[in-house]
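Quick note: the coordinates plus some simple rules give every number you see, no bench work behind them. These numbers come from a predicted model, not from an experiment. Here Cβ is always computed from backbone atoms with ideal geometry, including for glycine, and neighbour counts include all displayed protein chains.
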Amino acid sequence: MIHDPNRVYVFDTTLRDGEQVPGCQLTTPEKIDIARELEALGVDIIEAGFPVSSPGDFMSVVEISKAVKDPIVCALTRANKMDIDVAVESLKYAKRPRIHTGIGASDTHIKLKFNSTRDEILERAVSAVSYAKKSVEDIEFYAEDAGRADIEYLAKMIEAVIAAGATVVNIPDTNGYCLPDQYGSKIKYLKENVKNIDKAIISVHCHNDLGLATANSIAGLQNGARQIEGTINGIGERAGNTSIEEVVMILKTHQSLNLYTQVNSRNFYEMSRMISTQMRMPVQPNKAIVGSNAFAHSSGIHQDGFLKNRENYEIIRPEDVGFPSASIVLTARSGRHALKFHLERLGHKLEKTELDEIYKRFLTLADSKLDINDDDLTALVAYRLVKN
Ligand code: KIV
Ligand code: ZN
């Protein structure tokens, strides 16, 4: 298959890595609803679950495979035959099935998790890919904890699994350990040193333990990866995964990167609310792109600049991510310009002296109240009318 070199594939793992979070579990019907919305959002791959983990997860993969038609449906496995057999079975209705199999690649995982050796793990990785390839054409291999793996060993493993038939090679920073330049260099090294790398797509899968998941994913893309794995709202194990909405908007905002996805960013806000509600996981107000304050301007200096020209303080238009609208929030840090804007919105055109007078009383009120609403403004104006 020929790939456009500038196209980035978006792999959504909200229903697998995201759903692993305690308290975020979903029923099969809920997962189907979310999968349909992800399809409408335009993600390329939906990781629907880890079928061997429970009968419920198995059924979810079966039903999602029936419910969506455009995206690839992917099922996670460990590197063993039983997991792969169950995953193959769960994907039997998928129009475009993918098996996602893999094993630990760092010495920490090799020794402390598998009590094994590099050679033995390499052999298990290759066997898993070869076995899965007999049933499904599209095989993604994950080298777990690649962020902490020895780079030469990692390169050897990646070359061997591509030779065994892997179509996508996932280089997870499972523990969110890497700095962006370290992670970017890893991807560059693989691109330059794995002989058959042009036969597979490199995927980035970054966790957010140090708050670097998005930065690391971008560094990976800048160095040759062309698939990004993440979740909506960045939910996922521990501190979470890369936020898909952040990566997509970074690529849109920084056209100089010359990379694009086929995701419809206008669906982000709605998608984010859906995930937050269904998974009972509130979105922090200051979350980039979809947080309730992402387009709220509250200090006097910013409000004044924004009201003069929104470009002063807006690098993304709220409508581009489906956000209802930008807002000018009135607090004790607001200036006259913001107060005037809201009073005029409510139909009150005031002379400068009147505005100065109301502004003083507004500040006294705002110091004692967290935010000022329309009723408060109406009361401030009414007081002026009564007084005069
Ligand atoms: O973080 C990780 O390494 C994973 C793999 C299973 C892909 O989620
Ligand atoms: Zn993960």
Farthest toward positive dipole pole in the range 296-387 [+1 Lys/Arg, -1 Asp/Glu at C-beta], among Leu343, Leu355, Ser299: Leu355
Most positive-pole-ward Cα, Ser272, Ala326, Phe114, against dipole of the chain from beta carbon charges: Ala326
Span from the the range 1-55 Cα centroid across to the the range 237-307 one, whole angstrom: 19
DSSP-loop GluC sites (Glu not before Pro) across the range 82-171, with at most 13 other Cβ within 10 angstrom: Glu137
Peptides ranked, highest mean first, by Cβ atoms within 10 Å: ranges 347-354, 104-111: 104-111, 347-354
Evaluated at q = 0.11, 0.12, 0.23 Å⁻¹: base-10 log I(q)/I(0), Debye formula over Cα of the range 158-264: -0.32, -0.38, -1.23
Shape box of the range 9-278 [Cα atoms, principal axes, largest first, Å]: 45, 43, 32
The chain - share of DSSP beta bridges that are antiparallel (%, nearest 5): 5
Cα long-axis angle, helix 81-90 against the chain (0 to 90 degrees, to the nearest 10): 60
Residue-averaged [θ]222 nm for the chain, counting only DSSP H segments that reach four residues, each worth -39500 (n - 2.57): -13000 deg cm²/dmol
Amide H partners (placed H, <5 Å) of Ile372, local residues excluded: Leu330
Tail weight of P(r) past 28 Å, computed on alpha-carbon pairs of the range 1-151, percent: 22
Cα-projected label distance for Leu179 with Asn293, points at 7 Å along beta-carbon direction, nm: 2.9
Cα pair distances of the range 296-387 binned at 10 Å [whole percent]: 16, 48, 27, 8, 1
The range 372-382 - phi-based ³J(HN,Hα) in whole Hz, Karplus 6.51/-1.76/1.60, Gly and Pro as x: 9, 9, 4, 4, 4, 5, 4, 5, 4, 5, 4
Backbone HN-Hα couplings from phi across the range 223-229 [Karplus 6.51/-1.76/1.60, Hz, Gly and Pro as x]: 10, x, 5, 10, 9, 10, 9
Eligible lysines near Lys66 by straight Cα distance, threshold 28 Å, same-chain separation 8 or greater: Lys31, Lys81, Lys92, Lys95, Lys133, Lys134
For Gly49, distant residues with modelled amide H under 5 Å away: Leu76
Nearest-ten-degree value, helix 213-222 long axis tilted from longest Cα axis of the chain: 60
24 Å Cα-Cα reach of Lys349 towards lysines, excluding residues that sit fewer than 8 places from it in its own chain: Lys308, Lys340, Lys360, Lys387
Simple Cβ-charge dipole of the chain, Lys/Arg +1 and Asp/Glu -1, about Cα centre, in debye nearest 20: 460
Degrees separating the helix 118-133 axis from the principal Cα axis of the chain, which is the longest one: 90
Estimated vicinal HN-Hα couplings, Hz - the range 32-43 in sequence order (Karplus 6.51, -1.76, 1.60; Gly, Pro = x): 5, 4, 5, 4, 5, 5, 5, 5, 5, 5, x, 5
Under 5 Å, built H, 5+ apart or other chain: amide partners of Gly240: Asn208
Net charge dipole size for the range 296-387 [Lys, Arg +1 and Asp, Glu -1 on Cβ; Debye, nearest 20]: 300
Residue-count net charge about Asn193 - beta-carbon cut-off 12 Å; Lys, Arg +1, Asp, Glu -1: +2
Proxy reagent accessibility, fewest Cβ within 10 Å first, across His205, His297: His297, His205
Top positive-direction residue, dipole computed over the range 9-278 with Cβ charges, set Leu41, Ser203, Ile139: Ile139
For the range 314-361 and the range 167-221, distance of Cα centres in Å: 44
